[in-house]
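Participant: Sending over a structure as structure tokens; questions will come in a sec.
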Amino acid sequence: MPTPRRLRRAALPLAATALLAAAVTACTSSGGSGGSGGDQRLKVALAFPPAQAMSPYGDDAVTLSRLAVVEGLTRLDRDGEAEPALATSWKRDGDRAWLFTIRPDTVFQDGTKLDAAAVVRSLAAAQQASPKPRVLSDTTLTPTAEGADTVRITTKDADPLLPQRLANPSLSVLSAGAYAKSGAKVDPAGHATGPFTLAEVNGAVSATLERNDTYWGAKAKAPGVDVKFVADGTARANALRTKDVDVAEYVPISQASLLGDGLVHEFPSARTNGLSLNTGRGVFADPAMRAAARAAIDPKALVDGVYEGRADTAQGLLGPGVPWAADLRTAPTGRAKAATPAEVRKTPEIVLATYTNRPELPEVATVVQQQLEKSGFTVKQVVRDYAQMEADALAGKYDGFIQARNTLLDTADPVSYLASDFTCDGSFNITQLCAKPVDTAVDKAAALADTDARHKAEMTAEAAILGSDALVPLVHERFVQGYDDARVQGVALDPMERTLITADTRIG
């Protein structure tokens, strides 16, 4: 039986907690606030260090977006609809082409001018990146300049979601300087258009942002941001409690009640935590073994025990953060019969992996391990920082991988998530799933322009994916962000996780 969560928390040595807090204090004290009120620099603790040296073609792109460094042709409103950003307007031109008008008199942070050629260069670079950004896993973009201020974008197939797709941080527009070093990673530092300029990145430790005084929109109210990457959730919470940071993302559930309502801000998300099973090799290449693993898991025990009720039991891939999904959900299709306990006990040891950056996940892994072992599996755990695990997870080196995945992150519509994570050519296919019924269902959904019809088709695809048992949904998270609402203003609480620090974020 797992140790009760509150006893585990109480058992943490006070000296260890003090050391964690001291470590963050040491990291954050060097930035300096300077001035008072709106003149103060922001101090921010982020959970995930750069995994690809701040390349815009992986998860680091989201970090750049959350820090208001990068922008694309469009952005998303609260309902997930596209609105103008670096493009002021757009229109469809036939089935597969769109025309975008570029915002005039806009400059990059290095002083060079934004024009159609710059947009074409950035989109072409994203299309050619390896690995391909998840948002492009189900399409191909061909951009061409038509004059200085118009870009034509042609897609492989009809793409009714292209304006939403172009709001993805991996499709941000950067100046020529970002691509200047042949063979090197794309460098967004000083080459983007957002209200803050990425001035310095100190490996996986810290980053420094300065206000972009040439920004085309409202200027940032804070003069800069000092960012520390702090994987330990308790350390982030302690730094917030002691005011060593102004904003701490992803406060651990175990710390939320200790911090109190003034520092904790909980809101629904589109994030589903799930157990990805490796369908390509090993024990879970057998559908019957995947079915046995799915039958062994009790998600409610995770909600009640690990998440202390601050999460929802997963009913499918899409949770409360996708409000239309529940009414359209259908039963999984094509599920295999589960292997018997005797058959399970004959299988080799499986490797169950997760990462430390989300503090609940190691506890989830421990409970899942116990549930699997109770059903006859022999389980070995691997738990490390996410940056050290992503490549191995994508290469299929684990039998099971527990991750937290925002299902609306790529295009604000789950079809991109379904394509990138579960189709044969998906660029984020940790499950290694390649099943014709799934590919067919996802392709059908992606081609539909009518929103209601597309949603129904997406739920058909969900039923096919769940029927394969490639992923066992566990819980739907609720976001818990930390900041003192009596002194910090303008923090974005975004269910899609694209924004956190904005031009309006400030002290006082």
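Participant: Between CYS424 and ALA124, what is the FRET efficiency for a Förster distance of 25 Å, r being their Cβ-Cβ separation, to the nearest 0.05?
Facilitator: Step by step, r from the Cβ atoms, then E = 0.50.
Participant: For ASP286 and ALA158, compute 0.36 nm times the residue count separating them, minus their Cα-Cα distance, and round to one decimal in nm.
Facilitator: Taking 0.36 nm per residue and subtracting the Cα distance, the gain is 42.5 nm.
Participant: Oh, and also: What's the local net charge at ARG281, with K and R +1, D and E -1, over the other residues with C-beta under 15 Å away?
Facilitator: My count for the surroundings of ARG281 gives -2.
Participant: Straight-line reach from LYS456: which aspartates and glutamates fall under 16 Å, measuring Cα to Cα and dropping same-chain residues less than 8 apart?
Facilitator: Partners found: ASP327, ASP413, ASP439, ASP443.
Participant: Would you mind finding the longest exposed-site-free stretch of the chain, with exposed GluC sites (Glu not before Pro) meaning DSSP loop and at most 16 other Cβ atoms within 10 Å?
Facilitator: Formally, the longest exposed-site-free interval is 147-307.
Participant: Quick one: what are the phi-derived ³J(HN,Hα) couplings along region 78-88, Karplus 6.51/-1.76/1.60 with θ = phi - 60°, whole Hz, x for glycine and proline?
Facilitator: These are the phi-based 3J(HN,Hα) values: 5, 8, x, 8, 6, 9, x, 9, 7, 9, 8 Hz.
Participant: Another question, then. In whole Å, what is the distance between the alpha-carbon centres of region 190-240 and region 352-409?
Facilitator: Between the Cα centre of region 190-240 and that of region 352-409, the gap is 29 Å.
Participant: Once neighbouring chains are kept in place and the probe is 1.4 Å, which whole percent of the accessible area of region 379-463 is contributed by carbon and sulfur?
Facilitator: 50
Participant: What lysines sit close enough to LYS346 to cross-link, taking a C-alpha to C-alpha distance under 20 Å and skipping anything fewer than 8 places away on the same chain?
Facilitator: LYS337, LYS374, LYS380
Participant: Compute the length gained on full extension between ALA331 and GLN489: take 0.36 nm times their separation in residues and subtract their Cα-Cα distance, giving the result in nm to one decimal.
Facilitator: Residue separation times 0.36 nm, minus the Cα-Cα distance, leaves 52.5 nm.
Participant: Okay, helix-only estimate at 222 nm for the chain: each DSSP H run of n ≥ 4 adds -39500 (n - 2.57), divide by all residues, round to 500 deg cm²/dmol; what do you get?
Facilitator: -8000 deg cm²/dmol
Participant: Can you compute the modelled spin-label distance between ASP93 and ASP261, with each label point 7 Å from Cα toward Cβ, in nm?
Facilitator: 5.4
Participant: Here is a follow-up. Full-extension gain between ALA449 and GLU146, please, as 0.36 nm times their residue separation minus the C-alpha to C-alpha distance.
Facilitator: Answer, rounded to one decimal: 106.5 nm.
Participant: Just to check I understand the Karplus step: with θ = phi - 60° and J = 6.51 cos²θ - 1.76 cosθ + 1.60, what whole-Hz values come out for region 401-411, glycine and proline as x?
Facilitator: Taking θ as phi minus 60°, the curve returns 9, 9, 9, 9, 10, 7, 7, 10, 5, 6, 10 Hz for region 401-411.
Participant: Continuing with the same structure: Please count, across region 40-176, the pairs of lysine residues with Cα atoms under 28 Å apart that sit 8 or more places apart or on different chains.
Facilitator: 5
Participant: Quick check on packing: order 402-415, 425-438 by the mean number of other C-beta atoms within 10 Å, highest mean leading.
Facilitator: 402-415, 425-438
Participant: Go ahead and run the numbers for FRET between GLN381 and ALA301, Cβ-Cβ distance against an R0 of 25 Å, rounding to 0.05.
Facilitator: 0.90
Participant: Might you tell me the accessible area per residue for the chain, computed with a 1.4 Å probe and given in Å²?
Facilitator: Each residue of the chain exposes 39 Å² on average to a 1.4 Å probe.
Participant: Also, quick follow-up: Between ALA199 and residues 5 or more places away or on another chain, which pairs have amide H atoms under 5 Å apart, with H built 1.01 Å from N, and which residues are they?
Facilitator: The answer is THR208, LEU209, GLU210.
The values are calculated or read from the model by the stated rules, or taken from the named source; none is laboratory data. As the structure is a computational prediction, the values presented were derived from the model and not from experiment. A quick note on method: Cβ atoms are made from the backbone with ideal geometry, for glycine too, and the neighbour counts reach across all protein chains shown. Calculation scope for accessible area: heavy atoms of the full protein, side chains included, ligands and nucleic acids excluded. Shrake-Rupley method; radii C 1.70, N 1.55, O 1.52, S 1.80 Å.
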